[in-house]
Structures are given as C-alpha cells and as structure tokens.
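Rule-based calculations on the coordinates, nothing more; no lab input. These numbers come from a predicted model, not from an experiment. Here Cβ is always computed from backbone atoms with ideal geometry, including for glycine, and neighbour counts include all displayed protein chains.
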Amino acid sequence: MPQELMSARLERKECISEIAQCYHFEFVVEGRESFNFVPGQFVSGVAVDANGKEQTRAYSLASAPRENRFELCVNRIQDGFFSNHLADLPDLPIGATIQIHGPHGSFVLRTPLTDSILVATGTGIAPMRSFLQGLFPEDGSDLSCGKQIWLVYGTHYESELYYRDEFERLASGHANFHYLPTLSRAPKSWTGLCGHVDEHVARIVEERAARLGQSLPLPTRDPGLLASELNFDINAYVCGLFDMVSGVRERLKGFGWHRKQIIAERYD
C-alpha cells in the first residue's frame, strides 16, 4: 500500500562536524499543525535520482515531537545520493522541500520506564537525542521518573561528538542523567574516557549491580515466562553499526541479561 507523502520544508541546516561532514537539519511539515511521533522513530525521505529512479532512505528523528517540526542528523556520504541531496546547498537550499513518509519504527523507550543505558556511535546519536528531549523537555519538566539514564557515546575523534554542549548542559542540570563520551582514537590532550562503548557499558552494569547488591551474572529467567511477565529493572538501547551493536549485545548477555532487555537498531 503506497505511503502518504508529506512535504517538509527545510528551515535550518548546520554542519556540526566539518571533518565528518555531519549535518543537522530542521524541517517544518507543510500543511499540518502537528507532526506526531514517538521519540526514537524514523522518517523515510523520498527523491528521484539523476537516472529517474525513486530513492528512499530512512533517517532517525533527532528531536522530540514539537508542533509540526522535526530534526535530523545525517552524515554526507561519498557517492551517497540522498545524504548528498540533503547536504549540498545547490540541491537543497533553505526553504526548499523534501518528500517524506512516516513516522515508522519500534525503537522506542519501553514502558514503564526503567533505568536505561543509551549506547550510540556516529549518527546513532539521533534517536538518543530524541529520547532525551522527550525525558527532559525544554519547559523544565522531568519525565524521567527519577530513573538513572546513562548515555554512552563512542566516536573516533573529539570533533565527532555531536550535540556535546547540549548533553553536557543536560547532565549538569539533572543528577540522574550521566553523559559518557568515549574516544577510540583519543589524542594525548583528551582527558575523558577512551576505548569502545562496550567496555564502559560493562562498567556501568557492574557498578550498578554492586550498589544494588546483585550478583552477576544474573540468574537465568524461566523460558516459559510470557512477554508480559518479563519485568526488568534496567534496559539498554543501542544504535550504531553492526559490529558495535553485536559487541554490546554480547557483553550484556554475558551478564545474564535477557534478550528483550537489549533494544537495538542498526543502520548498516
């Protein structure tokens, strides 16, 4: 069944990393007072390439719902049609429109909300930003229910820590939000965390278990339990490339985590 297409007008475009060629986009959905979605979902952009072929690409929403607006975080990829269509000013100047459909996807925070470890690399930060804007809205309200929220964000270089200032401000204003950026190719001047995200996820799990008096690995759950009976006190949300997602999943499984505690979305 054909998807309903909507026109989204580009209102703002900013290169947030020259080295990585990463762009932040802000769009307004035309002809609508609201564009409703659940934080973590994605939209699909549709355009016709130079050969007359219709191309569709999925992009995670990088913001929480706000009137008829949405935001994206996209890397410009060499020979990539749609990312270049978005990033190149001659193709898409301010005020131009793109065609989209959506929202789609089930990569959303599970309810009731639990302590949560958000794990991202690269533009996998987009749905995490959406989650956090939903939990800690700009109006000063707090929808986190006091749960502990960790954001473990891994990149090669410091220049690729997208939205760093925003997350640091959020962490300074909310004692239950912990921002943990880590670099895999850190220079000597870097004083923060180093290494891959799975190492720091493991440390969070171990320290939390010790604080709560839990023994690891956790006891195996009865496989006969219904999904409705699987009540967890913590979940992990993981977004990035295949190897990272697999590495984090294996680390958590080693702690006795149930597969339904690990909610993942890959973009390769």
Matching residues in segment 81-105 - criterion: being surrounded by 15 or more Cβ atoms within 10 Å (Cβ to Cβ) and over 12 Å from V28 (Cα atoms): F81, F82, S83, N84, H85, L86, A87, L92, H101, G102, P103, G105
Number of positions in segment 251-263 that are surrounded by fewer than 18 Cβ atoms within 10 Å (Cβ to Cβ) and in contact with a helix residue (DSSP H, G or I) (Cβ under 8 Å, 6 or more places away or on another chain): 4
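Tell me, which residue of segment 113-123 that is surrounded by fewer than 24 Cβ atoms within 10 Å (Cβ to Cβ) and more than 15 Å from I262 (Cα to Cα) is farthest from the chain's Cα centre (by Cα)?
Of segment 113-123, the ones surrounded by fewer than 24 Cβ atoms within 10 Å (Cβ to Cβ) are 113-116, 122-123.
Imposing the further condition that a residue be more than 15 Å from I262 (Cα to Cα) reduces the set to 122-123.
Working: G122: 9, T123: 7 Å.
It comes out as G122.
For every residue, the table says whether it meets (1) free of Cβ contacts under 8 Å to residues at least 24 places away in the same chain; (2) in a loop (DSSP other than H, G, I, E, B); (3) over 15 Å from R129 (Cβ atoms); (4) not hydroxyl-bearing (S, T, Y).
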| residue | (1), (2), (3), (4) |
| --- | --- |
| C145 | no, yes, yes, yes |
| Y153 | no, no, no, no |
| R185 | no, yes, yes, yes |
| T191 | yes, yes, yes, no |
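Consider segment 1-46. How many of its residues are aromatic (F, W, Y) and loosely packed, with under 12 Cβ neighbours inside 10 Å?
So the count comes out to 0.
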Strands (runs of 3 or more DSSP E) completely within segment 39-106 that count 3 or more residues being of a type in the set (A, V, I, L, M, F, W, C) and in contact with a helix residue (DSSP H, G or I) (Cβ under 8 Å, 6 or more places away or on another chain): 69-75
